[in-house]
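Taken together, the values in this text are just the output of simple stated rules run on the coordinates, not laboratory data. In this text the structure is predicted, and so the values were computed from the model without any measurement. Here the Cβ positions follow ideal geometry from the backbone for every residue, glycine too, while neighbour counts run over all protein chains shown.
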Amino acid sequence: MENVARIKEKCVGCKSCAQSCPKHCISMVESNEGFWYPSVDEKSCIECKVCLKKCPVENTGFHRNEPHKVWAWRNKNDVDIMCSASGGAADSAAKTILQMGGVVYGAAYDEQLAVSHIEVTDEAEREKLQSSKYVQSDPKDSYTKVKQRLSEGKRVLFTGTPCQIAGLYAFLGGNPENLYTVDLICHGVPSPKFFKKYLEYQNKQTAGRVIYFNFRSKDKRGWGTQYLLKTKTKTKTKTKTLSLDRYGKHFIDGDCYRESCYQCAYVNTSRVGDLTVGDFWGIAKSHPSFNSPKGVSSVFVNTEKGQKLFEMMRVLAEVEEATLEEGMVKQHNLVQPSNRPVTRDTFYKSIDEPGFIENIKVGFQPKARLKSVLPNKLIQKIKSL
């Protein structure tokens, strides 16, 4: 039958189809690996093809723009920048829209540390959206809620991976004037099931329940490519270099991503969001005086609305203009999808077996271990040479 079921492994899990079906015959089902895929009740399907029209895999050319400006971004507020993964650009966009009485959607942890897209209307809740979550966020019914808020005349900001932004535009069937979007430079997404198994492992290791999780803590080493994982229970706080962690190593190696990530249509400079944000990894060499251990974001301005949003939020930051080439340093996912390692074939096969996380090997990794003990200032100095 002609419906979204034909997409199969190309599906990005945005849930646009399930929220669009006029017969409500599409449900999202978790695969053995823990990713969501559409399941169509063929008896109820009328082959109207609405699900295909609303699918970002079927409609990859909509709302694509090349960046016309690139900026280095450093939030002026010390608290906000230290709570952000890099320079706090996405957080500044959220703060700006909220201060204007708008609504913001982005990825947040719930009490069980599952990650999903939530609606934020109060600036006090903005902190839930700060920093990176290296797991696929569940969009739930966020597209339907966005559509409702737009119909109420609200300004809306939606932040997410490019495929999630593309899914939103496909769902809406256009680009409403009061909608602003920020897409994130994305490497790929591990499954929520993998992350849940990992948290269960962490709970055993700490003899308690992890109540706080941060993939990009700056507390000890500041900002840099040595991502520092931070977890908290009621009695204990622990930090660890992400690449030396069982979950973190495989996120960095890229053998735990959703299958569609390895053939993603959105990993290039033809961007789907009004703004694109990420880490400005080349800042130490291209703009050394602007570099900061607190973090620097790259902001790619892709549309007129993106320029408007940038001008509204720039009062919150120090900015310096850069070139596209400078902003793309060490951002291979602005060029092509992540490579699919051979180990991806077997990575999830034993996910339901006891000891799945315990059996994951991290390896010695002498370079990563050396970096984990060197002072961050020394690492930054070496990189700037």
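Couple of notes before you dig in:
- Each of 173, 157, 139 was scored by the projection of its Cα onto the charge dipole of segment 125-175, and the greatest displacement toward the positive side belongs to 157; charges sit on the C-beta of Lys, Arg, Asp and Glu.
- Centre separation in Å (Cα based) which lies between segment 1-32 and segment 259-327: 32
- DSSP bridge orientation in the chain - percent antiparallel, rounded to nearest 5: 75
- Loop chymotrypsin sites (Phe, Trp or Tyr not before Pro), segment 1-69, which have at most 15 other Cβ atoms in a 10 Å radius of their Cβ (DSSP): 62
- Shape category assigned to segment 4-53 from the gyration tensor of Cα positions, a/c cut at 1.5: prolate
- Of the residues 251, 195, 356, the one that moves most in a GNM of the chain with alpha-carbon contacts below 10 Å is 356.
- For segment 254-360, trypsin sites (Lys or Arg not before Pro) are listed when DSSP marks them as loop and at most 14 other Cβ atoms sit within 10 Å of their Cβ; the list is 330, 349.
- Three-way shape call for segment 123-167 based on the alpha-carbon gyration tensor, with the a/c threshold at 1.5: oblate
- Reachable lysines, given that their alpha-carbon falls under 24 Å from the alpha-carbon of residue 53 and they are not under 8 places away in the same chain: 8, 10, 15, 23, 43, 140, 145, 147
- Local electrostatic count, residue 124, Cβ distance below 15 Å [Lys/Arg +1, Asp/Glu -1]: -4
- Segment 1-140 shape via C-alpha gyration tensor axes, a/c threshold 1.5: prolate
- Virtual spin-label span in nm between residue 175 and residue 30, 7 Å along Cα→Cβ: 3.7
- The simple spin-label model puts a point 7 Å past each Cα toward its Cβ; for residue 123 and residue 268 those points are separated by 4.1 nm.
- The trypsin sites (Lys or Arg not before Pro) of segment 1-42 that meet both conditions, a loop assignment by DSSP and at most 13 other Cβ atoms within 10 Å of the site Cβ, are 23.
- Size of charge dipole - segment 273-312 - debye, nearest 20, with Cβ of Lys, Arg +1 and Asp, Glu -1, no other charges: 140
- Given charges at beta-carbon only (K, R positive; D, E negative), |dipole| of segment 1-65 in Debye: 280
- When the charge dipole of the chain is built from unit charges on Cβ atoms (+1 for Lys and Arg, -1 for Asp and Glu) and taken about the Cα centre, the candidate among 224, 114, 34 whose Cα reaches farthest toward its positive end is 224.
- Pairs from 294/330; 128/154; 193/349; 218/308 whose Cα-Cα separation, in the structure shown, is over 24 Å: 218/308
- Put simply, when 41-47, 262-268, 334-340 are sorted by average Cβ atoms within 10 angstrom per residue, most first, you get 262-268, 334-340, 41-47.
- One chain, two ends: residue 340 and residue 200. Fully extended at 0.36 nm per residue, the span grows by 47.7 nm beyond their Cα-Cα distance.
- Debye, to nearest 20: dipole size of segment 123-248, +1 on Lys, Arg Cβ, -1 on Asp, Glu Cβ: 820
- Counted charge near residue 62, where neighbours are those whose Cβ lies closer than 14 Å (Asp, Glu -1; Lys, Arg +1): +1
- Vicinal HN-Hα couplings computed from phi for segment 317-324 (Karplus, 6.51 cos²θ - 1.76 cosθ + 1.60; Hz; Gly/Pro x): 9, 8, 10, 8, 5, 9, 9, 4
- Ordering 359, 16, 57 by the projection of their Cα atoms onto the charge dipole of the chain, which places +1 on the Cβ of Lys and Arg and -1 on the Cβ of Asp and Glu, puts 359 at the extreme positive end.
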